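Every read-out reported here was derived from the displayed coordinates using simple, explicitly stated rules and does not represent laboratory data. Please read these numbers as outputs of a predicted model, since none were measured by experiment. Note that we place each Cβ from the backbone using ideal geometry, even for glycine, and neighbour counts take in every protein chain shown.
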Amino acid sequence: MIINRRKALGLMGGTAAVLGMPYVARAATGSVVVVGGGFGGATAAKYLKLWSPDLNVTLIEPAARFYTCPFSNLYLGGLIDFEAIGHGYDTLAALGVNVVQAYADDVDTAGKTVTVGGDTLSYDALVLSPGIDIRWGALEGYDEAAAELAPHAWKAGPQTQLLRSQLEAMPDGGTFVLVAPDNPYRCPPGPYERVSLIAHYFKTQKPASKIVILDAKDAFSKQGLFTAGWQALYGDMIEWVSRTNDGRVVRVDAANLTVETEFGRTVTADVLNVVPPQQAGLIAQRAGVTNEAGWVPVKPATFESQLAEGVYVVGDATVAAPMPKSGFSACSQGKFVASAIIASLDGSEPLPAKWANTCYSLVGPDYGISVAGVYEIVDGAIAEVPGSGGVSPGDADAAFRAREAEYAHGWYRAMTNDIWGTTW
């Protein structure tokens, strides 16, 4: 049954292995440095130490608490408080991971060192989990100053809190405009879940308000499921404007909360949320592992960089399509890379490559939808296993949607408990 399959995939975040990967316990030795404590990096650090306790594992992460993009939309919709999406590193430290709260300044891939402040750390293997950076200026008028007026909120933290405060201050009857980017970008369904839960907030608190999505694409993840949910829950509150219908924004005037579309139309917002073009995080660029588009090509069999030996990259920064840039994908990749590094250090063959992704989205508090997939290597490239995934059925009833909403909460709890040892 499709419900049971999706529920099982949702619970995978709390298991000790990637789909198809047996438990690894090997006496590898050496030093591994992990840069970035998000879904991919924290997972890699944990499972490197768990599966090979003799390894010296150092996690470099500037934040004492990591705030997740998954479930940040619930905060924007007024359904949870901000600390509900925050997670610390005490559990990893208790396992023996050396957690360094600092920025990694540079990487010398030839000398196999990472510079952190005034210190230099040597490594036998390096894991980069840098997440994304905003491509400032790629969208005319949208720079760091503009983001303080028209937040992107695409890195959970102060930007997310700023957007929430703007929504709270917006008068009933106002217009919230979200600018959605072209592919690729972090979390393909994220903008559409965001407008869904903001619509829930407006419906309950500011029912005369309007939402407009100006999209640089003509299609988006789980589109049919989202649009059916919007109609069922919010009527005509949400308007989606595709690229073909002049939805692509080419210029932002954050001071006046206006945007200009490709064919010269000006749209004014009361609250303007711009999700701009993105690229791999800065440390990946400094390490020299990014391509001309700003992303990191990896070797599918190990997720080692194609451009630097001994450097493994996981998460949103990678070129790993058709696997999406999602938290669950990053977690799956983190476990896989931990196994690959241990095999490399102890001279054994890496396990066969297999990854999974499942992503739940909430259209409303009791209305969930999902997409799932399993991935393997075919002819040297990552490919989805035929018949392994798919999306929620379009004709599901209200009880089914409510169960998927419940599974969404279990999915988040399982992932965050698995990685950071926290419950929600």
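Worth pointing out:
- Segment Asp346..Ala399, full-extension length gain: 14.1 nm, with 0.36 nm per residue of separation and the alpha-carbon distance subtracted.
- Helix-only CD estimate at 222 nm, as mean residue ellipticity for the chain, using -39500 (n - 2.57) per DSSP H run (n ≥ 4): -9000 deg cm²/dmol
- Ordering Ala64, Ala42, Phe328 by the projection of their Cα atoms onto the charge dipole of the chain, which places +1 on the Cβ of Lys and Arg and -1 on the Cβ of Asp and Glu, puts Phe328 at the extreme positive end.
- The stretch 137-274 - charge dipole about Cα centre, Lys and Arg +1 at Cβ, Asp and Glu -1, debye rounded to 20: 440
- Ellipsoid semi-axes for the chain, based on the Cα gyration tensor and the rule √(5λ), read 36, 24, 19 Å when sorted largest first.
- Relative contact order %, the stretch 137-274, counting alpha carbon pairs below 8 Å whose residues are six or more apart: 33
- Residues Asp108, Asp172, Asp215, arranged from fewest to most other Cβ atoms within 10 angstrom of their Cβ, appear as Asp172, Asp108, Asp215.
- Think of each Lys and Arg Cβ as +1 and each Asp and Glu Cβ as -1; about the Cα centre, that makes the dipole of the chain roughly 860 debye.
- Principal axes of the stretch 137-274: Cα extent on each, largest first, Å: 38, 32, 28
- By other beta-carbon atoms within 10 Å, ranking Thr268, Thr175, Thr261 with the fewest at the front produces Thr268, Thr175, Thr261.
- Checked against a 27 Å cut-off, the cross-linked pairs Lys217/Lys335; Lys49/Lys325; Lys112/Lys299 give Cα-Cα distances beyond that limit for Lys217/Lys335.
- Figure legend: label point modelled 7 angstrom from the Cα of His409 along Cα→Cβ; residues of the stretch 356-398 with amide N under 18 Å from it are 360-370, 398.
- Compared with the alpha-carbon gap, the fully stretched path from Phe82 to Thr244 is longer by 54.7 nm at 0.36 nm per residue.
- Along principal axes, Cα extents of the stretch 330-383, largest first, whole Å: 50, 24, 10
- Charge tally in the Cβ shell below 14 Å around Gly118, where Lys, Arg are +1 and Asp, Glu are -1, Gly118 excluded: -3
- Placing R0 at 45 angstrom, the Cβ-Cβ distance between Thr91 and Ser388 gives a FRET efficiency of 0.90 after rounding to 0.05.
- Counted over the chain, the DSSP beta bridges are approximately 55% antiparallel.
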